[in-house]
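Colleague: Structure incoming, see below.
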Amino acid sequence: MPPKTQKQKEEEAARLAEEQRLKEEEERKRLEEIKKYQVSQLGSNLKLPITLYYIENINQAQDALKFSVEYITKLLEVYNCVKNFRPIDIQITADQVLNDFIFSTITLKLDQKAAQVLTNILFLVYIFGNNKFSEEIQQSVTKGKTLEKDKQLFMKLLTQHSSDEYKFFKASQVEQILIYQQNGYFSHHQLITYAIQNDQRPLELHVDLDVDTPLPQPALDDGVFKPVIEEKQENQQSIHTQHQEEEQVKEPTDEELLDPIIMQVLEQKLREAKEELETKLENRRVELEEKIKDLANPKKGKK
């Protein structure tokens, strides 16, 4: 193989440099994409799985619910637990997060940071005790999900971030948050928990349908012409033959209609009834004879 020319060497070096640049660009985009969903922590150790990317872009989305579904799906993919969820699970979770965010911004009119904190508190309570979610997303890990555990975590996080140290929420806002959570998530806790933890998959039913379709009609050219008189004679002959066949068919007797086993049972019952009747008649005859003897030979009374 002849040695490469200087031009070929330069072209190969330029190609390798371009490939390296494209790889670095893809890696940079991948890391930037992951950063959108990377869970961070506040100074209070509160985890923030609902990141600023969600908070900043949800209002600009044309379809807020679709954006929420895509965000939750990507979050679960980044933390390798998306396979644990059905589409309906992701839909319910995304809807819950969106409702919490709307309450934070529209009802309470919280600023961006406070809205993110409250949305995450409500989300962490929602996923608390659900082992389908990765540990990196959850605030703390516990076995089993109960209403009492969720209420304890909720009150702990809300009290902590309403204290003088953090002051994310005012006293009037805390009252509204308590009412919102009680009337919403807590009052439907059993239903929501069942929906997100039940692993039943949709059933796919297949039914084979038999559809009767009319046979194709033959072409008129294939028809055979018959005079009306000849066709009438054939019809009369066919009717006569049918009557003869019906007359030859004998109607079965009552005994033939009954099953042989049933006949045996009936015969046995009849024999037993006959024997019982004969026994009763014989006993009656003996009783009458004894009475007649008693009347013919009355006993003498004692003196």
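Colleague: Scan the range 137-164 residue by residue and report those that are in a loop (DSSP other than H, G, I, E, B), over 35 Å from the mean Cα position of the chain (by Cα) and touching a residue at least 24 places away in the same chain (Cβ under 8 Å).
Modeller: Once the filter is applied, which keeps residues that are in a loop (DSSP other than H, G, I, E, B), over 35 Å from the mean Cα position of the chain (by Cα) and touching a residue at least 24 places away in the same chain (Cβ under 8 Å), the range 137-164 yields nothing.
Colleague: To continue, here is another question. Pick from the range 165-176 the residues that are part of a helix (DSSP H, G or I) and in contact (Cβ under 8 Å) with a residue 60 or more places away in the chain: which of them is farthest from residue 115 (Cα to Cα)?
Modeller: 176
Residues checked against (1) in contact with a strand residue (DSSP E or B) (Cβ under 9 Å, 6 or more places away or on another chain); (2) surrounded by 10 or more Cβ atoms within 10 Å (Cβ to Cβ); (3) aliphatic (A, V, I, L, M):
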{"residue": "5", "(1), (2), (3)": "no, no, no"}
{"residue": "20", "(1), (2), (3)": "no, yes, no"}
{"residue": "28", "(1), (2), (3)": "no, yes, no"}
{"residue": "32", "(1), (2), (3)": "no, no, no"}
{"residue": "37", "(1), (2), (3)": "no, yes, no"}
{"residue": "46", "(1), (2), (3)": "no, yes, yes"}
{"residue": "58", "(1), (2), (3)": "no, yes, yes"}
{"residue": "66", "(1), (2), (3)": "no, yes, no"}
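Colleague: Please indicate, with yes or no, whether at least one residue in the range 64-74 is among the β-branched types (Val, Ile, Thr) and more than 18 Å from residue 91 (Cα to Cα).
Modeller: No; the residues of the range 64-74 include none that is among the β-branched types (Val, Ile, Thr) and more than 18 Å from residue 91 (Cα to Cα).
Colleague: A further question follows. Being over 24 Å from residue 44 (Cβ atoms), without any contact (Cβ under 8 Å) to a residue 40 or more places away in the chain and open to solvent by less than 20 Å² (accessible area, probe 1.4 Å) is the filter here; which residues of the range 80-136 pass it?
Modeller: 90, 94, listed by residue number.
Colleague: Between a residue in the range 11-22 that is among the polar types (S, T, N, Q) and any residue that is surrounded by fewer than 10 Cβ atoms within 10 Å (Cβ to Cβ), which pairs come within a Cβ distance under 7 Å, given they are 6 or more apart or on different chains?
Modeller: Qualifying pairs under 7 Å: none.
Colleague: Oh, and also: Would you mention how many residues in the range 146-171 are in contact with a helix residue (DSSP H, G or I) (Cβ under 7 Å, 6 or more places away or on another chain) and either open to solvent by less than 30 Å² (accessible area, probe 1.4 Å) or small (Gly, Ala, Ser) (or both)?
Modeller: So the answer is 8.
For every residue, the table says whether it meets (1) of a type in the set (D, E, K, R); (2) closer than 27 Å to residue 142 by Cα.
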residue	(1), (2)
50	no, yes
64	no, no
68	no, yes
75	no, yes
82	no, yes
98	no, yes
109	yes, no
117	no, yes
121	no, yes
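The values are calculated or read from the model by the stated rules, or taken from the named source; none is laboratory data. Remember, it's a predicted structure, so these values are computed and weren't measured experimentally. Positions of Cβ are backbone-derived with ideal geometry, glycine not excepted, and every protein chain shown enters the neighbour counts. Accessible surface areas use protein heavy atoms only, side chains included; no ligands, DNA or RNA. Shrake-Rupley method; radii C 1.70, N 1.55, O 1.52, S 1.80 Å.
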